[in-house]
Amino acid sequence: MSHDFVPIRDDLFSKCEEKPEMGYLDAFADLSNLSSKRGAGGINISGNATTIWDVDPSDVVEVDVSILKFEGDKWIPTIIKGNVKDFCKTFFDKNTIYYSYSPKHVVNKKEVKEKCITSPGTILVWKPYLLKISFSYAVPLNVGRHKAVIIYSAIDKAGVKRDRDICMEIVGDIVNA
C-alpha cells in the first residue's frame, strides 16, 4: 500500500522531545538561506545551508532513524528503523531511501562529496524542488500522526563516538496515497 507523509511544519524539523540533551539544527547548520514553504502537493525547498557542526572532517557520520506513531497521548515506537553507518559515503547514492528527498537536488555535489557535513563551512546548495514524501512498504503502516526521529552521530578515527549528537524530528501525518 502506498502512503504519503505530510509534515505538519513548513520548516520540517523540530527539536527531539525525548532527547533534550542532544544538539539540534542550530548546532548542525546555518539554515538562514534555506527556504521551505508549503505549496500544492508538498513543501517547496530552495536555497542553501552551511554546515557548522563542531566535529573533525575525518569523522565518520552515523545516522539512526526511528519512526514512532502517536497513540492516545504518547509516542509508540514502530518496527520501522534505519541506520546508515557512513552517511558521507552514501549521501549521494541513488539507491538509498532518502536520495530523492534531498541529495538528488543538491547542485554542488562534487564539493559536498569532498567535504561532507563534517567540515564546518561546507555549503549545500539546492535547486528549487517540491518535497513530497511518498513511500510503500510491505509492512502496512496505519494512517495518522507519526514522527521520524533522526540522530546524527560523529565517530572519530579511533571508533569513539563524540559527545556531539544532533537530533531532529519531523512530525506529520501518514495518509493513504
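Quick note: the coordinates plus some simple rules give every number you see, no bench work behind them. The shown structure was predicted, so the numbers you read here are calculated from the model rather than taken from an experiment. Counting neighbours? That spans all protein chains shown, and the Cβs are built from the backbone with ideal geometry, glycine included.
Filter the cross-link list K85/K147; K85/K113; K15/K94; K15/K132 down to pairs whose alpha-carbon distance in this structure exceeds 19 Å. Where the Cα-Cα span goes over 19 Å, the pairs concerned are K85/K147; K15/K94; K15/K132.
Each Cα pair under 8 Å and six or more residues apart adds its separation to the average, and for region 46-177 the resulting relative contact order is 34 percent.
In this structure, V175 and S100 have a Cβ-Cβ separation that, at R0 = 22 Å, corresponds to a calculated FRET efficiency of about 0.70.
Just flag the trypsin sites (Lys or Arg not before Pro) in region 31-82 sitting in loop per DSSP whose Cβ has no more than 14 other Cβ atoms within 10 Å. Let's see the in-between values first.
Working: sites: K37, R38, K69, K74, K81; in loops: none.
Filter output for region 31-82: empty list.
Note on Cα extents along the principal axes in Å: of the candidates (i) 146, 21, 19; (ii) 41, 34, 29; (iii) 73, 30, 26, the value calculated from this structure sits at (ii).
Loop-located chymotrypsin sites (Phe, Trp or Tyr not before Pro) in region 67-111 (DSSP state other than H, G, I, E, B) with a sparse environment of at most 15 neighbouring Cβ atoms within 10 Å: F92. Using just its DSSP H runs of length 4 or more, each adding -39500 (n - 2.57), the chain gives a mean residue ellipticity at 222 nm of -1500 deg cm²/dmol after division by all residues.
Checking every one of the chymotrypsin sites (Phe, Trp or Tyr not before Pro) in region 102-175 against DSSP loop status and a limit of 15 other Cβ atoms within 10 Å picks out Y137.
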